[in-house]
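Each value in this text was obtained by applying a stated rule to the coordinates, not by laboratory testing. The shown structure was predicted, so the numbers you read here are calculated from the model rather than taken from an experiment. FYI the Cβ positions are ideal-geometry reconstructions off the backbone, even for glycines, and counts take in every protein chain you see.
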Amino acid sequence: MPKPMRLAMWSGPRNLSTALMRSFSSRPDAAVLDEPFYAHYLKHTGIDHPGRDKTIAAYENDWEKVIDFICGPIPGAKTVWYQKHMAHHMLPHIDSQRLLENGALTHAFLIRDPAEVINSYTKVFPDMTLAETGLPYQADLFARVKKLTGHAPPVIDASDLLIDPPRTLARLCNSLGITFTDRMLHWPKGAHPDDGNWGVHWYANVNGSTGFERYRPRHATVAERFEPMFNEVRKLYEELSEYRL
């Protein structure tokens, strides 16, 4: 029997994270979990996201209990538990060292060109902050995992995932010690039962899809007021990109 794996995939916003969750949901051996720290993030920050109150009411918003849960039993007698985590949800007061304890979680990272992230996110939230890119937390956690384990955890880039989904997913699976299946290239159209209740506000594109979209080069540039932030996160992105599969 394969060794059970709790796969914590760390992403920023607008990074194909939901599509990748759909991909893993198509594996017969996998359960999926959608942004378990989101309710805590909404409650603590007071940020006015669509469906905020319903999300806080419906999901655990004590970060310590969330960590206990994601390190606990894998649902449904599955051997892989794919956990979609948004790096910017990990607020400074959360003791993320607990995520590294006892080897309960296997960490991996999904990155995307920060110019594309900033342009996409600011269409909805014009006052994006550095932390909201997710890259500062991704870079910090990556370094700590690498130091703890003695090797670099897996990194995949959203553009590589769109350019060649089979190759990128196969490399990811190989790095994790699980078998790639071409079932990961397709999923049923519509919402997934394990989507968070915020999916009605955010997942329209994925819900209308049955697989990864065709790659389209964007050659994105950011607005002048975001250039200082972009220059800072671009360095973090490039550091992580050196390790991408």
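Structure notes:
- Debye, to nearest 20: dipole size of the chain, +1 on Lys, Arg Cβ, -1 on Asp, Glu Cβ: 620
- All lysines inside 30 Å of K65 as judged from Cα atoms, apart from same-chain residues fewer than 8 positions distant: K3, K43, K54, K78, K84, K146, K147
- For the chain, averaging the sequence separation of C-alpha pairs within contact (under 8 Å, six or more residues apart) and dividing by the residue count gives a relative contact order of 28 percent.
- Positive-end residue, the chain charge dipole about Cα centroid, Cβ charges, pick of S241, A58, F180: F180
- Largest-first principal axis extents, alpha carbons of region 29-160, Å: 39, 34, 30
- Taking Cα centre as origin and charging only the Cβ of basic (Lys, Arg, +1) and acidic (Asp, Glu, -1) residues, the dipole magnitude of region 1-117 rounds to 360 debye.
- Residues in region 72-104 reached by a label modelled at A131 [backbone nitrogen below 20 Å; 7 Å Cα→Cβ]: 85-100
- Tail fraction, Cα-Cα pairs, the chain, threshold 24 Å, whole percent: 44
- Estimated [θ] at 222 nm from DSSP helical runs (n ≥ 4, -39500 (n - 2.57)) normalised by residues in the chain, nearest 500: -11000 deg cm²/dmol
- C-alpha center-to-center spacing [region 42-80, region 210-243] in angstrom: 28
- For region 115-171, the fraction of C-alpha pairs more than 17 angstrom apart is 57%.
- Label sites at L148 and K123, each approximated as a point 7 angstrom past Cα along Cα to Cβ, lie 3.6 nm apart.
- Each of A8, I74, H44 was placed along the dipole of the chain (beta-carbon charges, centred on the mean Cα), and the one lying farthest toward the positive end is I74.
- Here the dipole of region 133-245 is about 180 debye; that uses its Cα centre as origin and unit charges on the Cβ of Lys and Arg (positive) and Asp and Glu (negative).
- Burial order of peptide ranges 111-121, 199-209, 213-223 (average beta-carbon count within 10 Å, highest first): 111-121, 199-209, 213-223
- The order of the peptides 8-18, 177-187 by mean Cβ neighbours within 10 Å, most packed first, is 8-18, 177-187.
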